[in-house]
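S.K.: There's a structure below that I have some questions on.
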Amino acid sequence: MKTQNEIVFLFDCDNTLFDNDRLRDDLQAHLDRKFGVWARDRYWQIYEELRAELGYADYLGALQRFRFEVNNDERALLRMSAFFLDYPFADHLFPNVLDVLAYLEKSGPTVVLSDGDMVFQPHKIQYSGLWQAVDGRVLIYLHKEKMLADVERHYPAQHYVMVDDKLSILAGMKKIWGKRLTTVFVCQGHYALDPHNVATYPPADITVQRIDDLLGYDMPVLLAAAGKENAEMRPS
C-alpha cells in the first residue's frame, strides 16, 4: 500500500505548462507552406471532427485521415511526421515552469495529469523536459476528471491542488473531491481567455494570470482556499 502524502500537486500540460497554442500556430503555418490554404483548413476540420468523436486532441490521428485526402505529395506528407517528432517542445514551455515544479515539489509530489492520445502526448511531455522534471509522475487519460479514483490509487494524498487552464475540468474535479481539492485556474491559452468558458463554469478557488505566479505562494493560504470563495493568488 502506498504511503499517503499530505499534499499532491497535479498539473495539466497543454496551455498550463506547455504553450500548446504556439504548437498549433506553428503547425498551421507548416501546413500552409507545404499544402496550401485548402488543405490546411481541411486538416483542422478533420482534427475538430476527431476531437468531437474521441473527446481529446489527436494530432496524429487527424494526420492519418488527412493523408487519405491529400495524397498529391507523399514526400511532403512524410515530412509532416518529422514536424511532430522533431518539434522543439522544450523551447515552448511557459516561462519558469521548471522552477515552479521544483519549488512546489518541496511541499509535495508534483504530477502531470493530462488528457490525450497514448503516442503524441507522452512524446510531448517527455521531450519538453516535463517527464524528467516530475520524475516520471505522469498520468494520461481520455477524461482525467473522470479518473480521480485512479489518480488517488497512484498518488494518495490528504489534499490535492489541481492547476489547469480549463474551468470545466476544475469544476468537474471539485464536484468529486470537494474541500480536499484546491483548484487553480491559470489564465493562459485560448480556452482560458474565452469569455464564454469563463461565464459558463464556476470560478476556481484561486486564479493566477501566469503559471509562474505560483512561485513564492503562501502554502496555508493555498490550502485554505479550497473551502473559501475564489481569490487572486498573492505570493508570500
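S.K.: Please identify which residues in the stretch 82-99 have an amide N closer than 20 Å to a label point set 7 Å out from the Cα of CYS187, following the Cα→Cβ vector.
M.R.: 94-97
S.K.: Here's a follow-up. What is the magnitude of the charge dipole of the stretch 21-89 about its Cα centre, with +1 placed on the Cβ of each Lys and Arg, -1 on the Cβ of each Asp and Glu, and no other charges, expressed in debye to the nearest 20?
M.R.: Numbers: 11 positive and 13 negative charges, 40 e Å.
My answer is approximately 200 debye.
S.K.: Tell me the mean residue ellipticity at 222 nm calculated for the chain from its helices only (DSSP H runs of n ≥ 4, each -39500 (n - 2.57), averaged over every residue, nearest 500).
M.R.: Values: 12 runs with 112 residues, N = 236.
Per the formula, -13500 deg cm²/dmol.
S.K.: With +1 on each Lys and Arg Cβ and -1 on each Asp and Glu Cβ, how big is the dipole of the stretch 1-131 about its Cα centre, in debye rounded to the nearest 20? Mind dumping the intermediate values first?
M.R.: Values: 14 positive and 22 negative charges, 66 e Å.
Result for the stretch 1-131 is approximately 320 debye, rounded to the nearest 20.
S.K.: Moving to a separate point now. So if I place +1 on the C-beta of Lys and Arg and -1 on the C-beta of Asp and Glu, and nothing else carries charge, what would the dipole magnitude of the chain be about its Cα centre? I want it in debye, nearest 20. Don't skip to the answer; put the middle values down first.
M.R.: On the way: 26 positive and 35 negative charges, 86 e Å.
Roughly 420 debye, rounded to the nearest 20.
S.K.: May I pose another question? For the stretch 14-114, state which trypsin sites (Lys or Arg not before Pro) are in a DSSP loop and have at most 15 other beta carbons lying within 10 Å of their beta carbon.
M.R.: Numbers: sites: ARG22, ARG24, ARG33, LYS34, ARG40, ARG42, ARG51, ARG65, ARG67, ARG75, ARG79, LYS106; in loops: LYS106.
In loop regions of the stretch 14-114 (DSSP not H, G, I, E or B), the sparsely surrounded trypsin sites (Lys or Arg not before Pro) are LYS106.
S.K.: Got a sec? Charge dipole of the stretch 76-234, +1 on Cβ for Lys and Arg, -1 for Asp and Glu; which of LEU215, VAL163, TYR201 is way out at the positive end?
M.R.: Result: TYR201, furthest along the dipole toward the positive end.
S.K.: Set Lys and Arg Cβ to +1 and Asp and Glu Cβ to -1, take the dipole of the stretch 82-165 about its Cα centre, and tell me which of TRP131, GLY108, VAL119 lies farthest positive.
M.R.: Of the options given, the answer is GLY108.
S.K.: Can you give the % of DSSP beta bridges in the chain that are antiparallel, to the nearest 5? The partial results should precede the final answer.
M.R.: On the way: 2 of 26 bridges.
DSSP beta bridges in the chain are roughly 10 percent antiparallel.
S.K.: Also, I was wondering about something else. Quick check: net charge around TRP131, other residues with Cβ under 11 Å of its Cβ, Lys/Arg +1 and Asp/Glu -1? Mind showing how you got there, number by number?
M.R.: Values: positive: LYS124, ARG137; negative: ASP135.
After counting each charged neighbour, the total is +1.
S.K.: Within a Cβ distance under 12 Å of PRO88, other residues only, what is the Lys/Arg minus Asp/Glu net charge?
M.R.: Values: positive: ARG22, LYS124; negative: ASP19, ASP26, ASP86, ASP91.
Net charge in that neighbourhood comes out at -2.
S.K.: Relative to the present Cα-Cα distance, how much length would full extension add between GLN45 and ALA102 at 0.36 nm per residue of separation? Provide the component values of the computation, followed by the final result.
M.R.: Details: separation 57, 0.36 × 57 = 20.52 nm, distance 3.88 nm.
Residue separation times 0.36 nm, minus the Cα-Cα distance, leaves 16.6 nm.
Where a number appears in this text, it was derived from the coordinates with a stated rule and is not lab data. Because the structure is a prediction, the values reported are computed rather than measured. Virtual Cβ from ideal backbone geometry, glycine too; neighbours counted across all protein chains shown.
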